[in-house]
Amino acid sequence: MALALQFEAWFLRGELFQGGIMGFRFSRRRLLLVGVAVLVVGVLVAVPIVVRTNKDSPVETAAAAIGPSKSCPNPSFVTTSRNNQGEGRDFGQYYVHNNMWNNQDGVYTMSACNYDNWYEDVTQPKPGDNGVQAYPNVHKDYDDVPLSRIKSAKFAATTPADCAGCVYDVAFDVWIGDGLKNELMIWTENKGQTPGGDKIGTVSIGGFTYDVWHEDGYTAYVSQVTQKSGTMPLASFFDDMTRRGWAPKPTTWQVDFGVEIVSTAGATRRFTFTDFAIEES
């Protein structure tokens, strides 16, 4: 019983699933021993065990990945917007941006300690147009570089645990070719939002399955499971777009990661971002 309680303590501290059950390995011979069998049964009753698949399984990754543990108690940059004007700040090669491009009656406060450690407090009533109101994000600007230069990007985002009535999506946003004529989005989490265009099928990239939405000048890959953190294989999405003929000029001038907000049902909710870094060749 004492060992069973210790297993429960390990589980509550999140240690149970690191490298198996604290490194224990059970052979068939030992499982035949009555004492160990009783213990195993007790553990199975007391502790909900996650079914393990291979290490790249979308199911396991989506459930387990919670992102780097960071806090931002003393942000060096704080800005609040109540209209369509949003400020930002450079952090080295990256820029955090309180991007208010369609804000209707929302209050958005961005607090940043660094480009990979910031959060957004949002109070957004349901808008009349039911459209995206803002896209707080971190991004890197480019001078029309080939897509082949960009390989992947690390990311991590935490969304509100209790968000009744909320509508949002957490997403990468990549501008392809010239100006605003060709937008690629990769949604890592979706709560009640619908992309533009039509759903034309699905595709598997990096161990995850995405619904593919498309219309002229806009493509969205919507993950079928929530991805809280990881490394997004951007090059694979560029390749898929190119094969489909959707990237006639395979260059980019900006790569973003953030949250598209439609509504928080008038309540104040926090969205936290604790990892971002683009890998280039």
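Can you confirm whether Tyr142 is hydroxyl-bearing (Ser, Thr, Tyr) and crowded, with 20+ Cβ neighbours inside 10 Å?
On the way: hydroxyl-bearing (Ser, Thr, Tyr): yes; crowded, with 20+ Cβ neighbours inside 10 Å: no.
Judged against the criteria, Tyr142 is not a match.
Of all residues in the stretch 148-166, those satisfying the criterion of being more than 12 Å from Pro233 (Cα to Cα), surrounded by 21 or more Cβ atoms within 10 Å (Cβ to Cβ) and touching an Asp or Glu at 6+ places or on another chain (Cβ under 9 Å) are Ala156, Ala157. Checked against (1) at pLDDT below 95; (2) more than 21 Å from the chain's Cα centre (by Cα), Thr80 meets all criteria but (1). One residue alone among Ser152, Ser204 is part of a strand (DSSP E or B), within 22 Å of Gly230 (Cβ to Cβ) and in contact with a Leu (Cβ under 6 Å, 6 or more places away or on another chain), and that residue is Ser152.
Quick check on my filter: what residues within the stretch 225-240 are outside any strand (DSSP E or B) and in contact with a helix residue (DSSP H, G or I) (Cβ under 8 Å, 6 or more places away or on another chain)? Write out each step before concluding.
The first filter runs over the stretch 225-240 and keeps only residues outside any strand (DSSP E or B), leaving 225-228, 233-240.
Across the stretch 225-240, the qualifying residues are Val225, Thr226, Gln227, Lys228, Ala235, Phe238.
Within the stretch 158-177, the set of residues being closer than 19 Å to Asp144 by Cβ and not in a strand (DSSP E or B) comprises just one member, Gly177.
Residue under question is Ala247, and the condition is that it be surrounded by 19 or more Cβ atoms within 10 Å (Cβ to Cβ), of a type in the set (Gly, Ala, Ser) and under 30 Å from Pro127 (Cα atoms); does it hold? First the steps, then the outcome.
Values: surrounded by 19 or more Cβ atoms within 10 Å (Cβ to Cβ): yes; of a type in the set (Gly, Ala, Ser): yes; under 30 Å from Pro127 (Cα atoms): no.
Judged against the criteria, Ala247 is not a match.
Quick check on Tyr95: is it assigned by TED's automatic domain parsing to the domain that holds Gly165, in contact with a His (Cβ under 7 Å, 6 or more places away or on another chain) and not in a loop (DSSP other than H, G, I, E, B)? Yes: the conditions hold for Tyr95. In the set (1) in a loop (DSSP other than H, G, I, E, B); (2) without any contact (Cβ under 8 Å) to a residue 40 or more places away in the chain, the condition left unmet by Asp211 is number (1).
The values are calculated or read from the model by the stated rules, or taken from the named source; none is laboratory data. Keep in mind that what you see is a predicted model, and the values were worked out from it rather than measured. Note that each Cβ is placed from the backbone with ideal geometry, even for glycine, and that neighbours are counted across all protein chains shown.
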